[in-house]
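Remarks on the structure that follows.
Values quoted throughout were computed directly from the atomic coordinates according to the rules given, and no laboratory measurement underlies them. A quick note: this is a predicted structure, and the numbers were derived from the prediction, not measured. Cβ coordinates were reconstructed from backbone atoms using ideal geometry, including for glycine residues, and neighbour counts include every protein chain displayed.
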Amino acid sequence: ENNVQLKNWLLKFSESKIVEGKSWNIKADIEKLAKELFNETLKINEKTLLAKVSDYEFMQSYLNELFTAKKEYIDKSIKISNEAFKIMSKFGLEIDNFPNKSRGFASYFLKLKSEDYIPAKSVEKAVDNLEAWHKKTDPKKETIINAYNYGLNDLLKKAFELFKSDYAVYITSNCILSNIYTLGLLNEISKKIKEYIIANNVFLISDSSKFLYDIIGNNDAPFIYEKLGNTYSNLMIDEFQDTSELQWNNFKPLVLNSLSNGYSNLIVGDVKQSIYRWRNSNWQLLAEKIYSDLEFYNIKSESLIYNRRSKQNVIKFNNSVLNNAVEILQNHYNNILFDDNADAEIQHFYADRLKSVFTDYIQKYPENNNKPEGYIKVKFLSDDIDTNIEVAENIKILLEHGLKQSDITILVREKNEGRNIAHFLMSMNDENFFNEKIHVISDEVLNTSYSNAVNLLVNCIRFINNPEESLYRHQLYYDFLFITNNFNEATFSENKKISNISLFLKLFPVEFEQKFPTFKSMPLYDLIENIIKIFDLYSYKPHQAYVLSFLELVFNYSTTENNDSYKFIEWWDETGNSKSIQLNKGINAINVLTIHKAKGLEFNTVILPYCKWNIDANFTQNNIIWCNTDIAPFNMLDIIPLKYSKDLKYSYFNKEYYNEKFQFFMDNLNVFYVAITRAVNNLIIFCPKNKKNEISNISDLLFNSINVKTTGTNETINLLDYYSDDEQIFEFGTIYNSKSEANSIDNIINLQSSSDTLNFSEKIKVKKTNFYNSIINNKQIIISGNTFHSLFSKITDIEHFETHVNQFILSGLINKFEGVWLINEMKIQRKNNPIIGDWFKPENKSLNEHDILKNDGKVRRPDKIVFINNKIQCIDYKFGNEKNEHYNNQIQEYKLILQNMGYNNVEGFVWYFRLGEIELV
């Protein structure tokens with residue numbers, strides 16, 4: 001309320017969203033905009049730029065300059081339009097009297113009034129060309145000729161000349177003014193971030209490159225090494241295509257120093273795999289800049305031409321399709337420049353640019369890969385065919401050929417596409433579509449909120465917080481009926497009318513009604529545990545992993561944030577509902593992940609279900625590019641944030657526009673390259689059918705690449721030979737199956753409800769063999785032996801075990817997942833081995849890690865000695881995965897020492913905690 005300028009910025013931002021037909025709720029848009037603060041172009045100029053933005057008088061002067069420049073063009077255009085209509089009126093003419101009526105050149109006079117200034121080709125054609133103004137048999141031919149000679153032609157010419165000379169000023173002003181509010185918002189967000197950093201004494205990792213850049217400046221390597229405290233002779237930089245400009249500038253002095261001293265350095269990267277431009281990665285460093293930066297040194301460039309990953313057929317397909325695609329896309333870009341009548345300099349620069357930077361895609365297969373093996377299928381689907389069903393049918397075929405589910409990986413461009421296909425495949429289990437139960441794993445696309453069981457838990461919290469709100473009651477009742485398979489429209493419609501809380505509660509399990517008065521006073525985690533037990537949610541197997549993941553989210557929130565259920569709901573609605581569930585990678589399940597996540601990996605069989613992303617950016621997504629110019633008055637700001645739009649090609653930022661367009665072309669071609677080169681044995685692609693003779697998305701590019709007749713070589717094939725135009729299918733090779741190993745998902749974890757306890761950990765029942773194979777071997781539980789011993793040495797009362805575990809979690813010695821596992825494991829082992837309870841009873845005297853002295857003066861230290869009645873029990877903890885006879889000998893030695901000390905009734909035990917076994921020695 002007190003910041004009038006900020007309020008104005010926000011109003012401008014909201015207005016722009018409404019004009020674009022988007023929601024006036026701008027919170028998500030502001031969050032997206034705030035990410036621009038991590039853009040390196042802004043970071044380098046941030047200090048001086050935001051200082052100017054904070055200067056009210058400067059900004060007013062700048063805006064006035066822009067408004068004046070814009071208004072001047074508008075006024076001139078309106079004057080021309082008014083004079084033209086006066087002449088037409090004088091001669092009794094209207095727009096419809098001229099050729100092509102409202103679509104003809106004469107309508108340009110009308111468009112001038114609505115700021116539609118870009119003339120059609122018919123306008124240029126009509127200037128000084130009387131024949132273009134009328135038809136030979138036109139009844140008003142003489143009238144039109146008179147109007148033409150009276151000055152109408154001169155006005156059309158004047159409007160056209162004005163466009164050529166001054167439109168760049170107008171559109172540049174307009175582009176800046178339409179997005180200037182972003183600078184104000186970024187300035188305010190930047191201030192808030194800096195306040196937070198200072199108040200919390202933190203440093204943003206995203207600022208590290210700029211921080212180092214400011215320190216290094218123009219200093220040489222000795223200065224840097226002095227600060228580092230180390231000197232390096234040889235340097236290797238991997239994944240260089242993902243390196244940013246600032247990062248390279250920070251490394252460059254070290255590389256130059258090493259080279260000047262005669263040492264070798266290695267830079268590794270692939271321009272074709274540069275797909276992280278939104279994280280400031282710059283493929284141009286690898287393609288061009290290192291050669292100019294290191295031009296005085298002997299740079300040797302070497303390409304790895306052998307593909308040792310994929311089968312021969314996959315390699316040949318990739319080689320062929322990329323070879324055609326690069327040529328087609330280069331020509332397509334050149335045609336865009338030609339159609340736009342771009343400057344000759346720009347057309348020359350990009351004439352072969354794509355072909356010069358996207359290189360080395362033709363790969364050879366090694367001698368041991370001399371069999372024509374591997375399978376590729378590309379199917380172009382019409383609108384009436386469901387892509388998801390096609391995917392399911394092909395998965396069924398793959399499984400029938402002997403492939404395991406874990407052999408199949410589905411790659412998607414966007415996470416929401418992954419969620420779509422993952423949920424569809426799992427829903428097909430209910431239809432008994434597959435011959436076996438389909439499982440899906442993903443770190444990215446399986447959102448916790450997908451589960452009705454989770455939604456029931458969330459809506460329980462909403463209802464408990466506000467029982468009078470009818471919407472929450474309806475949502476809760478709906479989820480309850482759905483999860484229990486009792487949903488009936490009539491029942492739901494009837495009972496949702498119940499407004500009396502007491503009567504409404506009777507629709508649910510009795511325990512829910514009984515405990516409802518106590519729910520508000522419960523800590524958040526305990527509340528969720530109670531609700532899980534009351535509704536027996538672990539008994540619904542399809543929802544088990546989701547409920548477990550949700551409970552972990554609740555645990556994390558309650559330990560790191562607070563136990564306020566109202567705040568939790570706010571967090572859930574804003575952030576939590578998009579959290580993904582985490583499942584073990586070693587199980588027999590189809591993997592779904594984004595192409596960006598798949599970079600650097602390989603998969604037996606790859607399915608691309610939605611191969612249709614745009615080649616250029618979507619202009620409605622408000623992508624921002626940072627521009628600068630030397631032309632006044634636009635150069636008053638060092639850099640300017642502008643929306644990537646077609647308007648820019650007419651502005652003084654046309655070079656930046658065409659560069660950004662080219663960057664998008666490269667981005668999306670690279671994503672395609674990464675996607676198709678992940679496959680080892682089989683590659684299956686689904687695309688929408690090409691409807692128009694154009695190239696707007698990757699599907700169009702792939703279609704055109706396949707439909708090019710070429711001559712096959714050792715490394716390529718004529719793709720057209722394997723394409724059926726009738727069926728719109730490309731198919732090459734036969735499905736290849738190689739043996740693989742994966743655990744069954746059903747043997748990993750079984751969650752069940754317990755009537756004896758409300759503790760979440762009691763609800764986990766682990767099948768030992770598979771648990772340790774899948775969890776421990778995958779290093780999800782990596783607690784060290786020292787940490788185990790430290791924890792067990794602190795236990796004097798077994799009932800306080802969970803408290804000690806939580807203390808270790810808070811201290812960072814173990815993570816929350818490990819803590820839950822420990823608590824659960826102890827519960828299970830106490831039940832199986834009651835003697836554990838005796839070892840940790842406060843009334844039984846015990847010694848933890850106390851030294852005992854041998855006769856020869858040597859010291860031994862048992863983990864635990866317990867005095868129970870008239871006997872002594874000596875225990876050693878072992879936390880490995882294997883037994884060893886040496887441990888028994890160790891216990892025998894402890895027993896002998898104690899017996900020599902006068903204790904006759906001594907028992908020895910080795911407790912293999914990870915194995916869940918206790919051995920009497």
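A few notes on this one:
- Gain on full stretching of the segment that runs from Ser470 to Glu513 - 0.36 nm per residue minus C-alpha separation: 13.7 nm
- Per the Kirkwood formula applied to alpha carbons, segment 1-202 shows a radius of gyration over Rh ratio, Rg over Rh, of 1.18.
- Nearby aspartates and glutamates by direct alpha-carbon distance to Lys794 (threshold 18 angstrom, same-chain neighbours under 8 apart not counted): Glu802, Glu818, Glu825, Asp838, Glu843, Glu849, Asp851, Asp863, Asp876
- Ellipsoid semi-axes in whole angstrom, largest first, where each is sqrt(5λ) of the Cα gyration tensor of segment 448-578: 23, 17, 14
- Listed cross-link partners Lys121/Lys709; Lys135/Lys164; Lys12/Lys32; Lys396/Lys599; Lys300/Lys655 are compared with a 24 Å cut-off, the Cα-Cα value being larger for Lys121/Lys709; Lys135/Lys164; Lys396/Lys599; Lys300/Lys655.
- Evaluated at q = 0.05 Å⁻¹: base-10 log I(q)/I(0), Debye formula over Cα of the chain: -0.45
- Here the residues Phe38, Phe664, ranked from fewest to most Cβ neighbours within 10 Å of their Cβ, fall in the order Phe38, Phe664.
- Column: log10 I(q)/I(0), Debye, Cα scatterers of segment 93-181, q = 0.17, 0.20, 0.23 Å⁻¹: -0.71, -0.91, -1.14
- Cα-based convex hull, segment 205-293, per residue volume (Å³, whole number): 98 Å³
- Candidate lysines for bridging to Lys140, where Cα separation is under 17 Å - those fewer than 8 sequence places away on the same chain excluded: Lys90, Lys101
- Equivalent ellipsoid dimensions for segment 619-749 as semi-axes, Å, which come from the Cα gyration tensor, largest first: 42, 24, 14
- Net dipole in debye of the chain [+1 Lys, Arg Cβ; -1 Asp, Glu Cβ; about Cα centre; nearest 20]: 340 debye
- Relative to its Kirkwood radius, the Cα radius of gyration of segment 376-462 gives an Rg/Rh of 1.02.
- Arg678, Arg462 arranged by Cβ crowding within 10 Å, fewest neighbours leading: Arg462, Arg678
- In the chain, taking the dipole from charged Cβ atoms about the Cα centre, the farthest positive-side position among Leu93, Phe808, Gln247 is held by Phe808.
- Degrees separating the helix 245-260 axis from the principal Cα axis of the chain, which is the longest one: 80 degrees
- Listed by chain and number, the aspartates and glutamates whose alpha-carbon sits under 13 Å from that of Lys43, ignoring those within fewer than 8 places in the same chain, are Asp207, Asp214, Glu245, Asp638.
- Rotationally averaged projected area of segment 425-471 (alpha carbon convex hull; nm²): 4.8 nm²
- Where the Cα pairs of segment 785-878 fall when distances are cut into 10 Å bins, in %: 15, 44, 30, 10, 1
- With neighbours defined as other Cβ atoms within 10 Å of a residue's Cβ, the residues Val314, Val510 order from fewest to most as Val510, Val314.
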